[in-house]
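Only one structure is covered here, and it is reproduced in the block below.
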Amino acid sequence: MELNVLNINGQETGRKVTLDASVFGVEPNDHVIYLDVKRYLANKRQGTHKTKERGEVAYSTRKLFRQKGTGGARRGSIKSPVLRGGGTVFGPRPRDYEQKINKKVKRLARVSALSQKVRDNAVVVVEDFNFDAPKTKQFAAILKALNINDQKSLLLLGAPNATVFLSARNIPAVSVLQAEDVSTYNIVDAKNLVLTESALSMLTDLLGNK
């Protein structure tokens, strides 16, 4: 499949790029995408949740009242879970939520997500660009020229570019990443995928069949 290469003004440059079928033309595997997205979200969890149990709440150990003659149950400690302010029974404890999947499964998930974006006509290829200084207004003008200014979009770069990153930082619906750092979740979460020519080349090198 071929796509036209656009400039930052949204105009065709007259050049076309051919998408690698092993990266952008596979049959999307929804279950593999689900597995990788679940892994990504699970690994983002801090797992620092904690409640104090009976032995950790700070109360006196004195006997609350005499053993017999009150007509009520015998409560030996104010730390009891049945009392207000007492320790929590089976409460959450710090834990590691990390999940792992095989490299081949992770690759299949990413190429499936990329192929689905191509099927949805949600991939735009632009020529590499740069700014002299960080300018949010200039970046917003590019999004408007590409007709994606009101939609959640992901821009992939082939190399680190602090100027472009800073220019997009204050636009809530846009994310900017290096192509080698993109995850399946990033691709699925965006409605539109904007690739620079260098990013397209990097994705093909990283994910294509060797």
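Here's the yes/no breakdown for (1) polar (S, T, N, Q); (2) under 17 Å from residue 178 (Cβ atoms); (3) without any contact (Cβ under 8 Å) to a residue 60 or more places away in the chain; (4) assigned to a helix (DSSP H, G or I):
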site	(1), (2), (3), (4)
96	no, no, yes, no
104	no, no, yes, yes
115	yes, no, no, yes
121	yes, no, yes, no
124	no, no, no, no
129	no, yes, no, no
138	yes, no, yes, yes
142	no, no, no, yes
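Taking the range 18-54 as the region of interest, how many residues are free of Cβ contacts under 8 Å to residues at least 12 places away in the same chain and either of a type in the set (Lys, Arg) or loosely packed, with under 13 Cβ neighbours inside 10 Å (or both)?
Number of matching residues: 3.
Report yes if residue 88 is open to solvent by 50 Å² or more (accessible area, probe 1.4 Å) and over 30 Å from residue 5 (Cα atoms), otherwise no.
Yes: the conditions hold for residue 88.
I'd like to know if the range 93-109 contains one or more residues that are under 30 Å from residue 65 (Cα atoms), open to solvent by 20 Å² or more (accessible area, probe 1.4 Å) and not small (Gly, Ala, Ser).
no
In a strand (DSSP E or B) and either at pLDDT below 90 or closer than 30 Å to residue 140 by Cβ (or both), is that true of residue 9? Spell out how you get there, then give the answer.
Numbers: in a strand (DSSP E or B): no; either at pLDDT below 90 or closer than 30 Å to residue 140 by Cβ (or both): yes.
It is false that residue 9 is in a strand (DSSP E or B) and either at pLDDT below 90 or closer than 30 Å to residue 140 by Cβ (or both).
Okay, residues lined up against (1) crowded, with 21+ Cβ neighbours inside 10 Å; (2) in a helix (DSSP H, G or I):
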{"position": "159", "(1), (2)": "no, no"}
{"position": "167", "(1), (2)": "yes, yes"}
{"position": "176", "(1), (2)": "no, no"}
{"position": "186", "(1), (2)": "no, yes"}
{"position": "194", "(1), (2)": "yes, no"}
{"position": "199", "(1), (2)": "yes, yes"}
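The values are calculated or read from the model by the stated rules, or taken from the named source; none is laboratory data. Remember, predicted model here, so these are calculated numbers, not experimental data. Heads up, the Cβs are rebuilt from the backbone with ideal geometry, glycines too, and the neighbour counts pull from every protein chain shown. Heads up: the accessible areas ignore ligands, DNA and RNA and are worked out on the full protein's heavy atoms, side chains in. Shrake-Rupley method; radii C 1.70, N 1.55, O 1.52, S 1.80 Å.
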